[in-house]
1. Leaving out ligands and nucleic acids, note down the accessible area per residue over the stretch 1-79 with a 1.4 angstrom probe, in whole Å².
2. Under 20 Å from a point placed 7 Å out from the Cα of S12 along the Cα-to-Cβ direction: which residues of the stretch 45-87 have their backbone N that close?
3. With every protein chain kept in the model, how would you rank I6, I30 by accessible area, 1.4 Å probe, largest at the top?
Amino acid sequence: AILFGILVYPMSCVSSLKPFHCHLELELVISDFTTWCPLVEKGRLFAWAVAFSVLLPLGIPAVMLAALLWFRIPEMAAHSQEVTTLRALVEHSITRCRHDAALRRLRDSCPERPSPPPSKIRLTTALKRHAANWIQ
């Protein structure tokens with residue numbers, strides 16, 4: 001399908017327009033000098049040229065879109081995206097729970113540190129204020 005979309009489809013669209021590429025003085029199709037130009041002689045060839053010039057470039061994408069909708073490909077893609085998002089959320093939650101449990105074990109295994117005396121807290125705050133004033 002990818003090979004068709006990349007190689008065959010563009011070439012067939014260009015080929016469908018070749019009947020309109022005519023030598024104006026001779027009134028013949030350039031790709032086949034035995035055929036009269038359909039723009040000059042509007043007969044059966046002109047009708048087929050117009051039909052395929054419209055049918056190939058527009059009809060093939062329309063058929064492919066109809067096939068995608070018939071087999072419900074957009075719905076399947078949306079469902080797959082929802083499942084993948086849910087799976088990623090669950091994996092993230094599990095990882096987060098494991099991380100939180102590891103942090104709790106680490107915190108519980110550490111001995112309790114005594115809180116600093118209030119005089120050191122005031123001194124530290126005063127030093128921070130003094131440093132902030134000195135920087136300004």
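1. Details: 6220 Å² over 79 residues.
Value for the stretch 1-79: 79 Å² per residue.
2. Of the residues in the stretch 45-87, 47-71 have backbone N under 20 Å from the label point off S12.
3. Details: I6 115, I30 65 Å².
Reading off the accessible areas and sorting them downward yields I6, I30.
The values are calculated or read from the model by the stated rules, or taken from the named source; none is laboratory data. Just so it is clear, the structure is predicted and the values come from calculations on it, not from any experiment. Backbone-built Cβ (ideal geometry, glycine too); neighbour counts: all protein chains shown. For accessibility, only protein heavy atoms count, side chains too; no ligands or nucleic acids. Shrake-Rupley method; radii C 1.70, N 1.55, O 1.52, S 1.80 Å.
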